[in-house]
Amino acid sequence: MVPTHAASHSGRGVAVSLIASVLFAVIFLMAGLLPGWGAQEIFGWRVVLTLATLAVILPFLPWARTESITLFSRVRRRPTLLLPGVLAAGIVGVQLWLFMWAPLNNMALSVSFGYFLLPLTMVLAGRVFFADKLNPLRKLAVAAAVVGVAHEAFSANGLAWPTLVVCLGYPVYFVLRRKIGFDNLPAFAAELLMMLPLGVYFILAGPHGIGSGAVEGAGSGGLWVAISIGVLGGLAMAFYLLASKWLPLSLFGLLSYVEPVLLVGVSILLGETLGWSSLLTYGPIMLALVLLGVDGRRSALPGTPGRPGRP
């Protein structure tokens with residue numbers, strides 16, 4: 001029988017994970033509903049207000065306070081850690097900008113496909129950088145994904161660059177953060193802090209920023225959408241990190257597949273289309289995700305060798 005407190009944590013973990021996925025999809029949709037806005041200006045609002053939201057949330061999370069103290073203590077002892085930290089901030093900054101740019105430029109499906117591939121490229125990154133074992137199910141998952149990727153590359157004369165930025169950029173970001181021990185919410189807040197001057201510049205330089213009269217004019221609705229994107233971004237990241245702490249790693253990984261499905265739905269709502277040939281792309285990818293899910297479920301069973309603990 002599952003202990004009551006463990007079941008309670010799992011239940012809350014599933015709930016906040018699903019909320020985080022929905023919030024990320026809502027942000028994607030809201031960005032696509034801001035025609036006339038540049039991705040840079042929306043990015044600026046997201047950086048500033050996500051950081052402000054996290055500044056309000058973090059003091060109420062006991063584990064976050066401990067991680068913040070540890071983070072600052074490590075940087076004080078080893079200032080050279082700032083260099084990989086700046087690199088990580090640059091990588092995630094590009095990802096945040098791309099998430100705002102794609103829905104405005106009819107590239108939402110390309111970014112969504114990158115998020116579909118991300119769990120698989122993370123498996124490969126774990127194999128290369130952390131010597132993770134590829135059991136038969138994972139090998140089959142990688143093989144199925146290769147079929148889908150090959151079809152997409154052949155039918156489109158190559159993978160779109162936003163797809164590559166997502167599925168190859170994020171593994172570098174996550175590996176770098178884990179290598180230097182910065183894989184937590186306070187570290188993400190620190191990365192946003194590094195981006196803050198650029199975010200403020202984009203807001204002030206944009207046509208809808210403070211002092212432009214947009215709040216009182218016709219652009220006020222769009223301005224509030226941009227502000228909402230920033231606030232929801234902070235809440236989504238907080239929920240995402242809570243889920244990572246409350247759920248077994250395998251279940252957390254399974255629930256991460258909800259987001260790309262929602263992103264594809266948002267892409268279609270924004271007017272992009274999927275032809276029948278897309279079945280030969282997304283079919284093998286979905287099969288690969290199912291195989292990874294089965295593998296994750298088996299790894300979570302009591303008594304299974306190498307059962308992952310809570311991250």
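Can you pull out the residues in the range 76-95 that are more than 28 Å from Ala141 (Cα to Cα), touching a residue at least 60 places away in the same chain (Cβ under 8 Å) and not β-branched (Val, Ile, Thr)?
Result: Leu81, Pro84, Gly85, Leu87, Ala88, Ala89, Gly93.
Does Leu58 satisfy the condition of being farther than 28 Å from Ser267 by Cβ, in contact with a Ser or Thr (Cβ under 8 Å, 6 or more places away or on another chain) and open to solvent by 10 Å² or more (accessible area, probe 1.4 Å)?
In short, yes.
Which residues, counting only those in the range 179-201, are under 14 Å from the mean Cα position of the chain (by Cα) and in a helix (DSSP H, G or I)?
Answer for the range 179-201, where residues must be under 14 Å from the mean Cα position of the chain (by Cα) and in a helix (DSSP H, G or I): Leu185, Phe188.
Can you tell me which residues in the range 12-40 are part of a helix (DSSP H, G or I), out of contact with any helix residue (DSSP H, G or I) (no Cβ under 6 Å at 6 or more places or on another chain) and closer than 20 Å to Leu96 by Cβ?
Hits for the range 12-40 are Val22, Val26.
Check every one of the helices (runs of 4 or more DSSP H) wholly within the range 81-178 and list those with 2 or more residues that are of a type in the set (A, V, I, L, M, F, W, C), open to solvent by 10 Å² or more (accessible area, probe 1.4 Å) and modelled with pLDDT of 90 or more.
82-104
Per-residue answers, yes or no, for (1) at pLDDT below 75; (2) aromatic (Phe, Trp, Tyr):
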residue: Phe239; (1), (2): no, yes
residue: Val258; (1), (2): no, no
residue: Leu262; (1), (2): no, no
residue: Ser277; (1), (2): no, no
residue: Leu280; (1), (2): no, no
residue: Asp295; (1), (2): yes, no
residue: Thr304; (1), (2): yes, no
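The values are calculated or read from the model by the stated rules, or taken from the named source; none is laboratory data. None of these values were measured; they are calculated from a predicted model. Glycine gets a Cβ as well: all are built from the backbone with ideal geometry, and neighbour counts include every protein chain shown. SASA here: full protein model, heavy atoms, side chains in, ligands and nucleic acids out. Shrake-Rupley method; radii C 1.70, N 1.55, O 1.52, S 1.80 Å.
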